[in-house]
Amino acid sequence: MCKIRCQNEIGYAYCYRMKVPLGQKEGKEMEVLYNSTRSKGAAVTASQAILKGLSDDGGLFVPNHIPALDKSLKELSEMDYKQVAYEVMKLYLTDFTEEELKNCIARAYDEKFDTEVIAPLVEAEGAYYLELFHGSTIAFKDMALSILPHLMITSARKNQIKNEIVILTATSGDTGKAALAGFAGVEGTRIIVFYPKNGVSPIQEKQMVTQKGDNTLVVGIHGNFDDAQTGVKKIFSDKELAKEMEEKGFQFSSANSINIGRLVPQICYYVYAYAKLMNEGKLAEGETMNVVVPTGNFGNILAAFYAKNMGLPIGKLICASNDNKVLYDFFRTGTYDRNREFMLTTSPSMDILISSNLERLIYRIADNDADKNAELMGALTGAGKYEITADMKAQLNDFYGNFASEEETAAEIKRLYESCGYVLDTHTAVASSVYQKYVKETGDNAKTVIASTASPFKFTRSVMNAIDAKYDAMGDFELVDELSKLANVKVPNAIEEIRTAPVVHDVQCDVDKMQDTVRGFLGI
Ligand SMILES: *Cc1c(COP(=O)(O)O)cnc(C)c1O
């Protein structure tokens, strides 16, 4: 038995790790189980947590401890993406066999990605942009949603589930298409996506409404993303509906970023980025790396936080917001307050006032106290705000929050393009702008990875307008070709596909009719 310093759920305590002889099955003490953030009920296995998505009490599933990496940074630095993904995911999905997990990974990170590297790093002005948009829908959601359907089907098999699994998803734009692409045609599943009718980019909408597959349904709701998310949560927690579904051979699950099967695959690319930079001699072994994440629902940055707590030498977790700067205010004041005007910005995937995954962090800094967390989340549902204690706030030192206005975001796209020819999408530009502010404010010049969450081709009009207002006169696809010339990047397949694809979904509904729409599609 060896004693290693690791940061687990209890804090910066010492924990013991068994040295398991090669080939021997790992002991029970290595098993990670999942608790709800809102009650002290029995813990569930990883596969059960993936199937359920959300706990019955409305809480999110969290691992009962954060496992430490059991491969050295040196070993990781010699691995490819799939190998790193296995080394990270095996520590969380402890009820999956090696064969099951490797099979899921192989099916996810294949030719759907337009580069074998899966997540390339691009250096610009000394920062490293981790391009997470090389999957089938050119946004970072593909990193997790290309593997989630396989994790889910494997989980169903492991738990002898015979019901058809109905994926219910609220999207601010990118999740929807990535989930549709992941689940379309997957036997034993159906997928229903709700998006704010006037709250996504034209290309995002076109990507969704052209989705093929008999098991898919895309619905534009008359409301914003928070309305969609709240509506979906309501449908999930409707006991009456769940009973009827069970009788008819259906059960819900969630592909939203609250699903632990989304969160865990996202930890992998931070470990991979570190390993890759080390392999290329850009980081010395153990050197601190900062991370900047353009944040909406808090899933992506939470994954970086988990990576840090697994022992990856991450320094600051820099949380970048757009004009919907609830998180910036929260990190500054300790009060989370959603009572404010909802802003539609050019980075729509971050237009969020309730960052669902923050609940996992709140639970943790409340010393895993489900009652305390439930009380705060109750306040958020009721009064629309809560305040954390001074003790809790003291545990947020790893985080730095800031935001970029619409003008700053556009200026950052133009600035970086003019300085080095690299074109950012609007979300990544928010992160890049906040990174500039951070460095200016703190002088911290640690090596930094900026999560690059979407291809500029997904938000072509905003990106081109930022570079020069003259582009506004052009049509959507004309702009795509212009961007391709300007950035010297081939038009991604995901865009080529939708140029001519017919619209196959035109359903719209009011927020209070979401459940009826679901019933209609399932015929119940
Ligand atoms: C979803 C999304 C985000 C926000 O990520 P969270 O995990 O929800 O914080 C940022 N940028 C893009 C392009 C996205 O699609």
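Across the alpha-carbon set of the chain, the Rg to Rh ratio works out to 0.94, Rh being the Kirkwood radius. When each of Val449, Val193 is scored by the number of other beta-carbon atoms lying within 10 Å, the sequence from fewest to most is Val449, Val193. Across the range 202-352, the volume of the C-alpha convex hull divided among the residues equals 188 Å³ per residue. Residue by residue, the range 298-313 carries 3J(HN,Hα) couplings of 6, x, 5, 6, 5, 4, 5, 4, 5, 4, 4, 6, 7, x, 5, x Hz when phi is fed to the Karplus relation 6.51 cos²θ - 1.76 cosθ + 1.60 (θ = phi - 60°); x denotes Gly or Pro.
By the count of other C-beta atoms within 10 Å, a proxy for reagent exposure, Thr230, Thr409, Thr295, Thr97 are ordered fewest to most as Thr97, Thr230, Thr409, Thr295.
Evaluating kT/(6 pi eta Rh) at 37 °C and 0.692 mPa s, with the Kirkwood radius of the range 380-524 over Cα pairs in the Stokes-Einstein relation, gives 172 µm² s⁻¹. For the range 30-134, the orientation-averaged shadow of the C-alpha convex hull comes to 8.8 nm² (one quarter of the hull surface). In terms of distances greater than 26 angstrom between alpha carbons, the cross-link table entries Lys458/Lys485; Lys162/Lys458; Lys243/Lys372; Lys102/Lys308 yield Lys162/Lys458; Lys243/Lys372.
Structural size metrics of the range 41-94, computed from C-alpha coordinates, are Rg and Dmax of 14.1, 43 Å. Between the range 396-453 and the range 211-237, the alpha-carbon centres lie 32 Å apart.
The stretch between Val122 and Asp238, if pulled fully straight at 0.36 nm per residue, gains 37.2 nm over its current Cα-Cα span. Seen from a random direction on average, the alpha-carbon convex hull of the range 264-377 projects onto 8.1 square nanometres. Modelled this way, with points 7 Å down the Cα-to-C-beta line, the labels at Asp57 and Met30 are 3.0 nm from one another. Coupling constants for the range 96-101 follow from the phi torsions by the Karplus curve (6.51 cos²θ - 1.76 cosθ + 1.60, θ = phi - 60°), and in residue order they are 8, 6, 4, 5, 4, 5 Hz; glycine and proline get x. Rounded to the nearest 500, the 222 nm mean residue ellipticity of the chain from helices alone is -12500 deg cm²/dmol, with -39,500 (n - 2.57) taken per DSSP H run of at least 4 residues.
Placing a label point 7 Å from the Cα of Glu418 along the Cα-to-Cβ direction, the residues of the range 477-505 whose backbone N falls under 19 Å from that point are 483, 486-488.
Note on the range 438-524: Rg/Rh from C-alpha atoms, Kirkwood Rh, equals 1.18. Using 0.36 nm per residue and subtracting the Cα-Cα separation, the extra length available between Asn198 and Glu246 on full extension is 13.9 nm. Among the trypsin sites (Lys or Arg not before Pro) found in the range 189-239, those both in a DSSP coil and sparsely packed, with 13 or fewer other Cβ atoms within 10 Å of their Cβ, are Lys212. Rg to Rh for the range 361-439: what is it, with Cα atoms only and Rh by Kirkwood? Rounded to two decimals, Rg over Rh is 1.19. Put in order of Cβ neighbour count within 10 Å, fewest first, the listed residues Asp142, Asp57 become Asp57, Asp142. With θ taken as phi - 60° and the Karplus curve 6.51 cos²θ - 1.76 cosθ + 1.60 applied, the whole-hertz 3J(HN,Hα) list for the range 399-406 is 9, 10, x, 7, 9, 10, 6, 4 Hz, x standing for glycine and proline.
Each peptide in 82-88, 267-273, 453-459 was scored by the mean count of other Cβ atoms within 10 Å over its residues; highest first, the order is 453-459, 267-273, 82-88.
Computed across the range 83-232, the Kirkwood hydrodynamic radius from all distinct Cα-Cα pairs reaches 16.6 Å.
The modelled label-to-label distance between Lys393 and Ser405, using points 7 Å beyond Cα along the C-beta direction, is 2.6 nm.
Every read-out reported here was derived from the displayed coordinates using simple, explicitly stated rules and does not represent laboratory data. The model shown is predicted, which means the values in this text are computed figures rather than measured ones. Here Cβ is always computed from backbone atoms with ideal geometry, including for glycine, and neighbour counts include all displayed protein chains.
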